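Below is one structure, written out as structure tokens; comments come after it.
We did not get these values from a lab; they are worked out from the coordinates using the rules stated. Only a predicted model underlies this, so the values are computations on that prediction, with no experimental measurement involved. For neighbour counting, all protein chains shown are included, and Cβ atoms are generated from backbone atoms with ideal geometry for every residue, glycine included.
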Amino acid sequence: MKAFGITLIIVLISGSIAGWTAPAGSDIAVVVSRDVPIDDLSFSELRKILLGDRQYWSSNLRVTLLIRAPAAREREVILRNVLEMTEAQYRQYWIGKVFRAESSSAPKSIATNEMAFSLLNSIPGSIAFVNASQVPKDLKVVRLGGLLPGDKGYPLN
Amino acid sequence: MTIRRRLLLSFLLILVLFAVNLVIFYWSNQKRQTSVEALRRAISRQILISGVNQNLNDIQKQVTLLSEITTETPAGGDAAGVAQFKAQLEKVENQIGELQSLSEPETRKNIEAFADAYRKLSASWRIFYENFGINQTKAITELAVRAEPLTQEVLQTRLPQLQADENARVDSASVNFYQVARLTNRITLMIFAISAAVAVGVAVIVSEQLTRGLTRLKVGAALIGSGDFGHRIELTGNDELTELAKAFNEMSAKLYRARHELTLANEQERMKSEQLETVVDQLRKAQDQLVVQQKLASLGSLTAGIAHEIKNPLNFVTNFSEVSAGLVDELRNSIKEQNERIDPKDRQYIEDILRDLHQNVSKIQEHGKRADGIVRNMLMHSRGHGGERQMTNLNPLVSEYVKLAYHGMRAQNTNFNVAIQEDLDSTLEPVKVVVHDISRVFLNIANNACYAAYEKKKRLGDGFSPTISVSTRNLSSAVEIRIKDNGDGIPESIRPRLFEPFFTTKPTGSGTGLGLSMSYEIIVQQHNGAIRVESEIGQYAEFVIMLPKPNSKAT
């Protein structure tokens, strides 16, 4: 437990100085792996996924949440627009959820969008939030409330 | 069965019961230990599974939070961190190995499946940890693609299944433990109770048999001790008590025989003593009779001498008194012839003298005759009785002389009256007696009876009826004559002297005291009979005369 605590502190410090962030003003696209059988998500469904309340896409396809490390714009937009939480609140929320054993998995912190794209291709049921302008064409972008990035009223920007 | 064998068998039975109790005790202990061991193993597995669960949850949380919180950290690739993480995994693996060693055959398959799943999960976690912070993409991919499904399988399927199984096993072992405890306790108590009941039963039976035998012996010994030598102690079987009872019975029989012999000896001694007493009594009676006879003989001789000496002068007295009386009469007649020549005064004086003289002479004559009668009686008494004996029926004789006595008394006193009751045995056999002497006896006794009854009549007046009862009975060897009056009876103090000569209770001049003395002599000495008196003061006096039959011995 002591080793685990030390590791956790190191991780928290290192996470705060994560690398590249999305430029201000661009929309944040919701990207999923190709095996995810959903094209459109409501705002509340997105919120449930981010809070770990929805953990399966279908009966045998788990949700793997890929989210940029702290200080990235994508993470900031998600926390602010969807969850209305600060970074500390979000961390505290997931620590509590994991320790209460309410979830067997947690959001995976990723350092770069490229890494997200790579993981989206390799992890079935994964979902990531990246700058819409950087999304490769072979990835599946999910509508959010029927809106795609760039549409008027798209909530993640 | 002997008492020794009975006690040995009882002891052996109790030993067997003790052995059965020991076996049951060790069997129960073994059963309880087995059930406790099963429960302990189940609880140990449950604790191990809980420990595994706790450690896996810790690792899972560590991995989860590590993957969520950081992206680039040296912690994942840190050799010390990796070693520490691997140590955690090995610790869980060791716990699973221990769990496998404790597993039961029926749960071993599930534990093997769990161990396989864990090994895969452990391998996946190692890959994640080794690549975390170095090759983040590979680490997260490994975690998301392999580790998390395996974690879900291990923590949410396999491990809960194992926990449920072990909980069920603990519950089952616990229930089994209590059931075994109850069962063994019941069996132990039941065997103990049965053993106690059997032991008590054996003790009661053995003691009852002993007590019954001893009680019979005690009662029998008490009876024999109290003199009941005919008592036999009834005991069946072939034990020591029966042998003892036989010995008691034999002793009792010997004592019975000895007492019988002693009783016979005593009886013989008693008979001899009685014979001796009879002989002594007969001797004493004979001696008394000799004394009486000597006394009476001496008295008779003396009386005969006196009577003989008195008889002659008395004859002169009586004869001359008669002559004097005749002379007085002649003188009176002569004086009557000379009546005119005698002065009347002198004549009267002479007549008075003659009258007195005649009275004196008459008195002399009267008392002279009375003295003569006494002297004749005395002579008769002293001379003995030598009349001829002849076979006589005593019924008419006694009846006649009782009536004669009555009429004699009545001739002297016209006021005398008495009722005579007769109960004469018609079968009375004749006996050989001197009739004249026996008649005197009856007359003497009847005279006395009439006198006594009349004296009582004079005293009591009309309220008393004087009665004389006469009865006879024909006995086997003698005839019995009873003459009874209802007068005042004879006091006990004077009864021994009744038959002495000159003993009388009548006033002077009324009796000589020779009647009963003479009667005794006639009955006892002359006829070899017996005479006795029975009396109750104020009620009666009865003379009983026994006269032997001709062919019988003297009474």
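Of note:
- Three-way shape call for segment B:32-122 based on the alpha-carbon gyration tensor, with the a/c threshold at 1.5: prolate
- Spin-label model distance (nm) - A:LYS140 vs B:ILE194, 7 Å beyond Cα toward Cβ: 7.7
- Rounded if a/c under 1.5, otherwise prolate or oblate - segment B:77-153, Cα gyration tensor axes: oblate
- Inter-site label distance for B:GLN30 and B:GLU422 at 7 Å from Cα along Cβ, in nm: 12.2
- Rounded D (µm²/s) - segment A:45-157, Kirkwood Rh over Cα pairs, Stokes-Einstein at 10 °C, 1.306 mPa s: 108
- Scattering profile of segment A:110-157 at q = 0.17, 0.30 Å⁻¹ [log10 I(q)/I(0), Debye over alpha-carbon scatterers]: -0.52, -1.24
- Built amide H within the under 5 Å cut-off of B:ILE233, gap 5+: B:ASN249
- Built amide H within the under 5 Å cut-off of A:ARG68, gap 5+: A:ARG75, A:ILE110, A:PHE129
- Under 5 Å between amide hydrogens, built in the peptide plane, is the criterion, and for B:GLY133 it picks out B:THR73 among residues at least 5 positions away or on other chains.
- Kirkwood Rh in Å, taken over the protein assembly as shown so that all alpha-carbon pairs contribute: 42.7
- Separation between Cα centres of segment A:65-129 and segment B:496-516, rounded to whole Å: 176
- Residue order for B:THR34, B:THR318, fewest other beta carbons within 10 angstrom first, comes to B:THR34, B:THR318.
- For segment A:146-157, putting each phi into the Karplus relation 6.51 cos²θ - 1.76 cosθ + 1.60 with θ = phi - 60° gives couplings of x, 10, 9, x, x, 6, 5, x, 4, x, 9, 8 Hz, in residue order, rounded to whole numbers and with x for Gly and Pro.
- Normalising the average separation of contacting C-alpha pairs (under 8 angstrom, six or more residues apart) by the number of residues puts the relative contact order of segment B:236-383 at 36 percent.
- For segment B:388-395, 3J(HN,Hα) per residue [Karplus equation, 6.51 cos²θ - 1.76 cosθ + 1.60, θ = phi - 60°, Hz, x = Gly/Pro]: 7, 8, 8, 5, 9, 7, 7, 4
- Cβ-based exposure ranking for B:SER67, B:SER50, in which fewest neighbours within 10 Å come first: B:SER50, B:SER67
- nm² value of the averaged projected area, convex hull over the Cα atoms of segment B:321-408: 9.6
- With Cα atoms, 0 to 90° folded angle of helix B:344-383 axis to chain B main axis: 50
- Per residue, the convex hull spanned by the Cα atoms of segment B:3-210 measures out at 114 cubic angstrom.
- In chain B, helices alone account for a calculated mean residue ellipticity at 222 nm of -25500 deg cm²/dmol, with every DSSP H run of four or more residues adding -39,500 (n - 2.57).
- The mean of 1/r over all pairs of different alpha-carbon atoms in segment B:147-283, once inverted, gives a Kirkwood hydrodynamic radius of 23.5 Å.
- Cα gyration tensor category, rounded, prolate or oblate, for segment B:407-525 with a/c compared to 1.5: oblate
- The calculated pair-distance distribution of segment A:21-102 uses every alpha carbon pair, bins of 5 angstrom beginning at 0, and gives 3, 12, 23, 25, 19, 13, 4, 1 percent.
- Relative contact order of segment B:1-126: 27 percent, from C-alpha pairs under 8 Å at least 6 residues apart in sequence.
- Separation of the B:VAL291 and B:ARG532 label points, Cα + 7 Å toward Cβ, nm: 2.0
- The relative contact order of segment B:3-210 comes to 37 percent, based on Cα pairs under 8 Å that sit 6 or more residues apart.
- Each Cα pair of chain B feeds into the Kirkwood radius, which the Stokes-Einstein equation turns, at 4 °C and 1.567 mPa s, into a diffusion coefficient of 33 µm²/s.
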